[in-house]
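The values are calculated or read from the model by the stated rules, or taken from the named source; none is laboratory data. These numbers were taken from a predicted model, which means no experiment stands behind them. Reconstructed Cβ throughout: ideal geometry from the backbone, glycine too, with neighbour counts over all protein chains shown. Only protein heavy atoms, including side chains, enter the accessible area calculation; ligands, DNA and RNA are left aside. Shrake-Rupley method; radii C 1.70, N 1.55, O 1.52, S 1.80 Å.
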Amino acid sequence: MAPMSAPAGSDRPFLNRRLAAFGTTIFAEMSALAARTGSINLGQGFPDTDGPAQIAEAASRAVLTGLGNQYPPGPGVPELRTAIATHQQRFYGLGYDPETEVLVTAGATEAIAASLLALLEPGDEVIALEPFYDSYAACIAMAGATRVPVTLRPHGGAFVLDLDELRAAVTPRTRLLLLNTPHNPTGTVLTSGELAAIAELAVERDLLVVTDEVYEHLVFEGSHLPLAGFPGMRERTVSISSAGKTFSFTGWKVGWVMADGPLVSAVRTAKQYLTYVSAGPFQYAVAEALHLPDSYFDGFRADLQRKRDLLGDGLRAAGFEVYQPEGTYFITTDITPFGEKDAHAFCRTLPERCGVVAIPNSVFYDDPDTGRTQVRFTFCKKDGVLHEAVNRLRGLAS
Ligand code: PMP
Ligand code: GLN
């Protein structure tokens, strides 16, 4: 069959209007730049050390013994759904029924997409904390909804939420709050007081909440508080997490959704037509991972906290303004001290200037000017890699 003819004047003539504003993701662009230039990649957030060998062995055992090699059940294998519910009870005292209140997805990415596609009507407004993770804007657009950013602003060396701004952003058309704590890219962890205020607002305005908590085990001060545990939230909150971050297997793409039965049932309806199922054998391995002893989770956090301090100190010494992250494995910096005015241009030339790749936060804002001078570095890398990156970045000031 002959290809349909394409209108002239665009390099993506077939792309629909909902997605016209979206190009190649910044992570793909910057990882390709790192590969092309042989630079140290502190851009895309993936560890350069795989997770526990015991869990990798569980995955290979599953493949070799025929566990999950054929389509697993739509909601996920029962072993994993039970492990997810047990994990939520063990760490936060929150009970979910593995039969009806847990859904396994192709990473948190599919969980976010399926939730938004299932819960939103065209024209609904969705409030999201800005700067936002790139898939949020695209999925809101695919759902035909409108995003309303509430911007986290630098204050006292970190990024903070203005609760009055959040309240003022709610309109009669607001259907859903899309939260992310710990927050990528800023590293902000919402406080108990902020979460309580958000919960009150959601109840008062009868809003649904989708909360992306993929960095739940990377909170360096205090501990992670799931929004679903606040008064009135259990029945209106879709909680999302992922094995990618917690167990350092980002390529396995095993994520999950936890919510009341009617919400999970809605999300499952969308999910079954996106991937139907995924990652069969990996689901068994992640079930085992979720049962790892506390020492695993404590060790993982302590290791990343040490790396945060190593990279943070190095970036400061190299001349960056550093916003101290309370969670995640990212550090947002400001490049104004170098006389730089454009993060994207800075990141494009960083490989040739010093052989390092980073992410411009400006792409995570509706108005790129708001984050024009912000650059994100990840610290989920070997110590030697972080030391070498910092040595190279020192050359920037000269
Ligand atoms: N949400 C946030 C905030 C993220 O940083 C990421 C990146 N891993 C995801 C969702 C996607 O997670 P997954 O790889 O499990 O799809
Ligand atoms: N979550 C990772 C990051 O923020 C990237 C994941 C992706 O490439 N989509 O860097």
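With the cut-off at under 20 Å, measuring from each backbone N in the range 129-160 to a point 7 Å along the Cα-to-Cβ line of Glu121 picks out 140-148.
Across the range 175-187, rounded Karplus estimates of 3J(HN,Hα) from the backbone phi angles (6.51 cos²θ - 1.76 cosθ + 1.60, θ = phi - 60°) give 10, 8, 9, 10, 9, 8, 9, x, 9, 9, x, 7, x Hz, Gly and Pro being marked x. On a per residue basis, the chain carries 41 Å² of accessible surface, using protein heavy atoms and a 1.4 Å probe. So, in Å, what gap is there between the alpha-carbon centers of the range 327-398 and the range 129-198? Distance between centres, Cα-based: 23 Å. The count of lysine pairs in the chain that are at least 8 places apart or cross chains, and whose C-alpha atoms lie under 30 Å apart, stands at 13. Overall, the accessible surface of the chain at a probe of 1.4 angstrom is composed of carbon and sulfur to the extent of 54 percent. Rounded to the nearest 0.05, the FRET efficiency derived from the C-beta distance between Ala56 and Asp309 at R0 = 45 Å is 0.95. When you count the other C-beta atoms within 10 angstrom of each residue and take the mean per peptide, 107-115, 336-344 line up highest first as 107-115, 336-344.
Between Glu221 and Leu15, what is 0.36 nm times their sequence separation minus the Cα-Cα distance? Round to one decimal in nm.
Result for the pair: 69.8 nm of gain on full extension.
Highest mean packing first, where packing is the average number of other Cβ atoms within 10 Å per residue, the peptides 369-375, 22-28 line up as 369-375, 22-28. The phi torsions of the range 121-131, fed into the Karplus equation with coefficients 6.51, -1.76 and 1.60 and a -60° offset, translate into couplings of 9, x, x, 4, 9, 10, 8, 10, 6, 9, x Hz, rounded to whole numbers, with Gly and Pro shown as x. Annotation: the antiparallel percentage among DSSP beta bridges lying fully within the chain is about 50.
Could you tell me which trypsin sites (Lys or Arg not before Pro) in the range 242-338 are loop residues by DSSP with no more than 14 other beta carbons within 10 angstrom of their beta carbon?
The qualifying sites: there are none.
Charges were assigned to the Cβ only: +1 to each Lys and Arg, -1 to each Asp and Glu. The resulting dipole of the chain about its Cα centre is roughly 900 debye.
How much accessible area does Phe46 have with a 1.4 Å probe, in Å² rounded to the nearest 10? Per-residue accessible area (Phe46): approximately 70 Å².
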